[in-house]
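S.K.: First the structure, then my questions, so here it is.
The values are calculated or read from the model by the stated rules, or taken from the named source; none is laboratory data. Just so it is clear, the structure is predicted and the values come from calculations on it, not from any experiment. Here the Cβ positions follow ideal geometry from the backbone for every residue, glycine too, while neighbour counts run over all protein chains shown. For accessibility, only protein heavy atoms count, side chains too; no ligands or nucleic acids. Shrake-Rupley method; radii C 1.70, N 1.55, O 1.52, S 1.80 Å.
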Amino acid sequence: MHRPTTLAFLAAVTAGGLAVAGATGATPAALAATATPAALAATATPAGHPAIRASYTRGSAGYVTGGGWRFRYVGASLKIPACRADPASHAGAAISLSGDTRYLPSIHPRYLASIAVVCGGGAHSVGYFGRRFGSGAFRLSPDVGDVLTIRIYHQAGHDYFTATDTTAGTTQTVAVATPAVVVYRHATLLASIHATRRSVAASDLRLWEFRNTSVTSASGKHGTLSGPWATYQLIGTADGTAAGRLTISASYPSGNGRQFSVWLRH
């Protein structure tokens, strides 16, 4: 079975699409761009929880922050899953900061800083991407079952990408220079699959579990997916519309907004 690598993943991001083992979907930047109030529809949430509005995508699911805030940090912990025989389950996970320049506000992000992880582990399974600034693979080679912590921190003039295999005790930080005018208006955490492949699984499958998620605003306000900013849910369907066949979706955030799972829907 072919094991995905982030080299193909990041190459597809550069070309304008998120890919895992050749499967295309929406980029984190494109997802963040659609997560504006005008593009959102109400979605059901568990009883007793505040409603989260949703944006429909082609094969990606997770959460994106917004609501007029600016952001400088996003992080999460992930356990590396094995790749299943079903190609539709070959999901990649990613976190990102996306936005524009303070002089050119736009709902179509010009800048993107992202860390991507693919199933199966091994060399080149964890990569970083800075649109217009540089990209590559981390030297880490996590095994299936290892817990990986990934973090992106933006400070005027640099994006800092950090990946830590907490199981193996290895870590690497990559600093990428950026113009001082870069502003990130969204923090995104998601997983993506091939939008057109239909799962052969007999029941729903959990693909990724995001834990210890954390977001920090540009002004230093610490929070989670529960706020204090607005947070929107990304739901994946075969055609990217609310009427399309559901392919991938995320559970409601638990632990005060610090964790959620992404599920392949059969």
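S.K.: Taking the Cβ of Ala250 as the centre, find all other residues whose Cβ is under 14 Å away and add up their charges (Lys, Arg: +1; Asp, Glu: -1). Each step should come with its number before you reach the end.
M.R.: On the way: positive: Arg53, Arg206, Arg211, Arg258, Arg265; negative: Asp204, Glu209.
Once all neighbours under 14 Å are counted, the net charge is +3.
S.K.: Another question about this same structure. Please list 3J(HN,Hα) in residue order for the stretch 234-246, calculated via the Karplus relation 6.51 cos²θ - 1.76 cosθ + 1.60 where θ = phi - 60°; whole Hz, with x for glycine and proline.
M.R.: Calculated HN-Hα couplings, in order: 9, 10, x, 10, 4, 10, x, 10, 5, 7, x, 5, 5 Hz.
S.K.: Separate question: On the protein heavy atoms, probe 1.4 angstrom, tell me the percent of accessible surface of the stretch 133-261 carried by carbon and sulfur.
M.R.: 48
S.K.: Arrange the peptides 123-130, 57-64 so that the one whose residues have, on average, the most other Cβ atoms within 10 Å appears first. Spell out each step's value before the answer.
M.R.: Working: 123-130: 24.1, 57-64: 27.8.
Peptide ranking by packing, descending: 57-64, 123-130.
S.K.: Could you order peptides 229-235, 111-117 by the average number of other Cβ atoms within 10 Å of their residues, highest first?
M.R.: 111-117, 229-235
S.K.: Just the accessible area per residue of the stretch 147-266, please: how many Å² with a 1.4 Å probe? Please report the intermediate quantities before stating the final value.
M.R.: Details: 4850 Å² over 120 residues.
With all protein chains present, the stretch 147-266 gives 40 Å² per residue.
S.K.: Further, regarding this structure: If you place +1 on the Cβ of every Lys and Arg and -1 on the Cβ of every Asp and Glu, how big does the dipole about the Cα centre of the stretch 150-266 come out, in debye to the nearest 20? Don't skip to the answer; put the middle values down first.
M.R.: Values: 10 positive and 5 negative charges, 43 e Å.
It works out to roughly 200 debye.
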